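K.L.:
Here it is, the structure in full.
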Amino acid sequence: MDTMLAARMYGKQDIRIEQVPIPEINDNEILIKVKSAAICGTDLRMYMNGYKDISENNPRILGHEFAGTITKVGKNINKYQEGMTVAVAPNMGCGVCEFCSSGKSHLCQDFFQAPGINIDGAFAEYVRIPEPAVRQGNVIVLDERVSTEEAALNEPLSCVYNAFQKVGVFPGDNVLIIGAGPIGIMHAKLAKMAGAANVMINDLSKERLDICKKIDNSFIGVHSDELEDIIMKVTKGKGLDVCITANPAPITQKIALGLMAMEGRVNFFGGLPKDKENVSLNTNLIHYKELVITGSTKASVAMFSKTLQFIAEGLIDVKSLVSNRYELKNIHEAIESSKNATGLKNVISFI
Ligand SMILES: [Zn+2]
Ligand SMILES: [Zn+2]
């Protein structure tokens, strides 16, 4: 049996590099040779805290942000061919419920499958793409202007774009992103692309704010100590048109409401830890300022395609978010680097 190198998680903080059989595919599935796979906050949380079903007897290959080349195509499939370079939108739905049939399979409540979450993912030389993903159009052939590395980073970008659409960012808006991680910077980049007048990014870490500045000099880095002062100065006392909380700290949801202008729009992008999800908010701020509070999670296949197009057309640059590249056998170093938050995106590179 042919084998491949894979990083398999056996439990909490237990990932082992092993030789495992190359996945078999049926007539309705595709096999992809992975070229680039990025490490995400979700991978890190799964690794640090453990994840349901993953155990010594049931290991799993993580990695849901990836792109590569098709090496095998099931014989019932005619839309894809061997040799095509593709990205894969990871979230699959049942395909028939009202969400799936309206193109929102990421909201499907009847079925959920995603490589690297509840089936084997892309921290391996090969990954099997199941039938629902093939049928639902999750496998997207890359424009020649998009590298596999950029395509891997497109997954979080598509989720950011979901929030962007929900909250609405328009030319001239004053925007604040709370959280200067890779996700926060992606939000800032999209806001800039949409013509926001001022894009402010708030974080507790001065180092992170410096990184933002290096990525785009027009971003206004705001340290938490001076948050209100700077926002009132920049917006001439009006407050924010848009605020996106791109972090897991409950307090930032509360802070956001206090900083909004009349008719401001808020997106709670970052989910909160399970025991901290009840947040006390001054709802009179929502009432008297006529605020719009939105949430967003994951992304649809259409959003995933759209942001790939943004990258292809040069509307948004994601390359600058890659801090380090690692070989699969050094994935522990990559995880460590993600954990220390010393850089932005860490990518497992097979090229
Ligand atoms: Zn992710
Ligand atoms: Zn469904």
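Quick note: the coordinates plus some simple rules give every number you see, no bench work behind them. Note that the structure is predicted; figures quoted are calculated from it, not measured. Cβ: placed from backbone, ideal geometry, glycine included. Neighbour counts: every protein chain shown.
K.L.:
Any idea which of ALA312, ILE211, PRO21 is furthest toward the positive side of the dipole for the chain, if Lys and Arg beta-carbons carry +1 and Asp and Glu beta-carbons -1?
P.N.:
ILE211
K.L.:
Helix 206-215 versus the longest principal axis of the chain: what angle, 0 to 90°, nearest 10, using Cα atoms?
P.N.:
70
K.L.:
Helix 148-167 versus the longest principal axis of the chain: what is the Cα-based angle in degrees, 0 to 90, to the nearest 10?
P.N.:
Long axis of 148-167 versus the principal axis of the chain: about 40 degrees.
K.L.:
Taking the beta-carbon count within 10 Å as an exposure proxy, list PHE304, PHE219, PHE112 from fewest neighbours to most.
P.N.:
Least to most surrounded, the residues fall as PHE112, PHE219, PHE304.
K.L.:
Students often check this: by mean Cβ neighbours within 10 Å, which of 51-58, 158-165, 23-30 ranks highest, and how do the rest follow?
P.N.:
158-165, 23-30, 51-58
K.L.:
So if R0 is 45 Å, what FRET efficiency would LEU5 and LYS274 give, r being the distance between their Cβ atoms, rounded to the nearest 0.05?
P.N.:
That pair, LEU5 with LYS274, gives E of 0.85.
K.L.:
Right, something else. What three numbers, in Å, describe the spread of the alpha carbons of the chain along their principal axes, ordered from the longest?
P.N.:
Extents along the principal axes: 67, 40, 39 Å.
K.L.:
Using alpha carbons only, how many degrees (0 to 90, rounded to 10) separate the axis of helix 301-312 from the longest principal axis of the chain?
P.N.:
Once rounded, one gets 80 degrees.
K.L.:
Checking the a/c ratio against 1.5 first, then a/b against b/c, what shape does the Cα gyration tensor give for segment 1-135?
P.N.:
Numbers: a/c = 1.89, a/b = 1.17, b/c = 1.62.
Oblate.
K.L.:
Also, quick follow-up: From the phi angles alone, apply the Karplus equation (6.51, -1.76, 1.60; θ = phi - 60°) to segment 254-269 and give each ³J(HN,Hα) in whole Hz, x where the residue is Gly or Pro.
P.N.:
Whole-Hz 3J(HN,Hα) from phi for segment 254-269: 5, 4, 3, 4, x, 9, 7, 7, 4, 6, x, 10, 10, 10, 8, 7.
K.L.:
Rounded, prolate or oblate: which fits segment 160-295 when a ≥ b ≥ c are the square roots of the eigenvalues of the alpha-carbon gyration tensor, with rounded for a/c under 1.5 and prolate only if a/b beats b/c?
P.N.:
rounded
K.L.:
Another one. Tell me the mean residue ellipticity at 222 nm calculated for the chain from its helices only (DSSP H runs of n ≥ 4, each -39500 (n - 2.57), averaged over every residue, nearest 500).
P.N.:
Helices in the chain give a 222 nm mean residue ellipticity of -8500 deg cm²/dmol.
K.L.:
What ranking, highest mean first, results for peptides 77-84, 176-183, 123-130, 9-16 when packing means the other Cβ atoms within 10 Å averaged over each residue? Please list the in-between numbers first.
P.N.:
On the way: 77-84: 12.8, 176-183: 27.5, 123-130: 23.9, 9-16: 15.9.
The densest-packed peptide leads the list: 176-183, 123-130, 9-16, 77-84.
K.L.:
I would also like to ask the following. Using only the Cα atoms of segment 53-200, what semi-axes does the equivalent ellipsoid have when each is the square root of 5 times a gyration tensor eigenvalue? Give whole Å, largest first.
P.N.:
30, 18, 17
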